[in-house]
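Have a look at the structure that comes next, please.
Read-outs: derived from the displayed coordinates by stated rules, not from any lab. Just so we're clear, the structure is a prediction, and the values are computed from it rather than from any experiment. In this analysis, Cβ positions are derived from the backbone assuming ideal geometry, glycine residues included, and neighbour counts consider all displayed protein chains.
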């Protein structure tokens, strides 16, 4: 982002994110639905929080920008976007009990430092007067477990000051660097700001496709050549891209984030994608988060969860600039508006991962917020359940797109 007694356990399934995908493997089935009104797509089961003052290994807990579950151990990975300011750039291994009334206590098991290819922790940014040639500072924003190897992949928004572009890196669960994903050249920083990603608005979300052959990644905001950031009258066009394991661009689609809500124009405001999650090969959950600066310079947040239907969306892989072309964005359907829930705080929800399914087969989804190390904000965890298993009927009811 730009700114900064446990409940009864749920049933388990043997494979990671595929717990939510197995039910949609047979999408060739009929897409007909009953005439009865559809239930809401998602039900909020409950939430819990870690307070701002919580510390682990002598370092303040916070800045959680991503969450992922290991289906083998049942443990969770929580990625912090701390740029080594509070402590080393890091992720946490945690145990979180989930129940029908929401998440139980969050127990941090271990703190793991992210390591460079040289085996060192990522450095803290020094003031310009003290620094020589800048070493890259980690700006970690998304993390996913590789369904094939069990290793972890994490995305950095890049460090323009160190001439380090956005990157998707591989590591083991001890934080040791194992290489990185080759990204298409269009996603490298342009020092002149003519094309490519804007600093601090680059890779913010990732999700493996159902078969694990490739990886979806989402930009937080538009590329320079794709138009302006979201404003009061129109939302920005953002690229959703699928690359294979060799870094080849398989497909890409435009997605339009929401316009900004009414706010004091003298204060800062932004809206963008904070995370994505694959449901099947043609549908992505997209978490959009708006930050609105208040008169006291703190922020309040509005978060909405959408389903993006990519089935008939035009492929933009060969479209160099949206500004120069009439681009149709992928249809999206609102699944849940977190800001309208009286049971949730107006937190900066940035992380999203599948949890274990309920006994009746419904999928669970755990969201986590980034407190930006702000004393006014806790790290909040919110658990949702789908209205029914994520099958063709659920998609037809909640993610349907108009005919091409």
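Any idea how far apart residue 232 and residue 117 come out in nm if each label point goes 7 Å out from Cα toward Cβ?
My value for the distance between the label points is 4.7 nm.
Right, next: Rg and Dmax in Å for the chain, alpha carbons only: what are they?
According to the Cα coordinates of the chain, Rg and Dmax are 20.0, 68 Å.
What's the Cα-based Rg to Rh of region 178-323, Rh via Kirkwood? Numbers along the way, then the final one.
On the way: Rg = 15.6 Å, Rh = 15.9 Å.
Rounded to two decimals, Rg/Rh equals 0.98.
How big is region 42-82 by the Kirkwood estimate over distinct Cα pairs, in Å? Provide the component values of the computation, followed by the final result.
Values: mean 1/r = 0.0814 Å⁻¹.
That comes to 12.3 Å for region 42-82.
Rank-order 199-207, 183-191, 81-89 by packing density, defined as the average count of other C-beta atoms within 10 Å over each peptide's residues, highest first.
On the way: 199-207: 24.4, 183-191: 15.2, 81-89: 20.6.
By packing density, highest mean first, the sequence is 199-207, 81-89, 183-191.
Compute the FRET efficiency between residue 360 and residue 266 as 1/(1 + (r/R0)^6), taking r as their Cβ-Cβ distance and R0 = 51 Å, and round to the nearest 0.05.
Numbers: r = 50 Å, r/R0 = 0.99.
Efficiency computed from Cβ-Cβ geometry: 0.50.
Also: What three numbers, in Å, describe the spread of the alpha carbons of region 298-338 along their principal axes, ordered from the longest?
Principal extents (largest minus smallest coordinate, Cα): 38, 28, 14 Å.
Order of 340-349, 320-329, 362-371 by packing, highest average Cβ count within 10 Å first?
Details: 340-349: 17.4, 320-329: 14.1, 362-371: 25.4.
Taking the mean over residues of other Cβ atoms within 10 Å, the ranking is 362-371, 340-349, 320-329.
Please provide three numbers in whole Å: the alpha-carbon extents of region 96-236 along the principal axes, with the largest listed first.
The Cα atoms of region 96-236 stretch 48, 43, 31 Å along their principal axes.
While we're on this one: Please grab the % of Cα pairs in region 264-404 that end up more than 22 Å from each other.
Working: 4740 of 9870 pairs.
Every Cα pair in region 264-404 considered, those over 22 Å come to 48 percent.
Can I ask one more? Could you sort the peptides 43-50, 285-292 by per-residue average Cβ neighbour count (10 Å cutoff), highest mean leading?
Ranked by mean Cβ neighbours within 10 Å, highest first: 285-292, 43-50.
Report the equivalent ellipsoid semi-axes for region 36-125 in whole Å, largest first, defined as the square roots of five times the eigenvalues of the gyration tensor built from alpha carbon atoms. Show your work: numbers first, answer last.
Values: eigenvalues 185, 43, 36 Å².
That gives 30, 15, 13 Å for the three semi-axes.
Ok, one more. Using the Kirkwood formula on the Cα atoms of region 189-267, what hydrodynamic radius do you get, in angstrom to one decimal? Mind dumping the intermediate values first?
Values: mean 1/r = 0.0723 Å⁻¹.
Over region 189-267, the inverse of the mean reciprocal pair distance is 13.8 Å.
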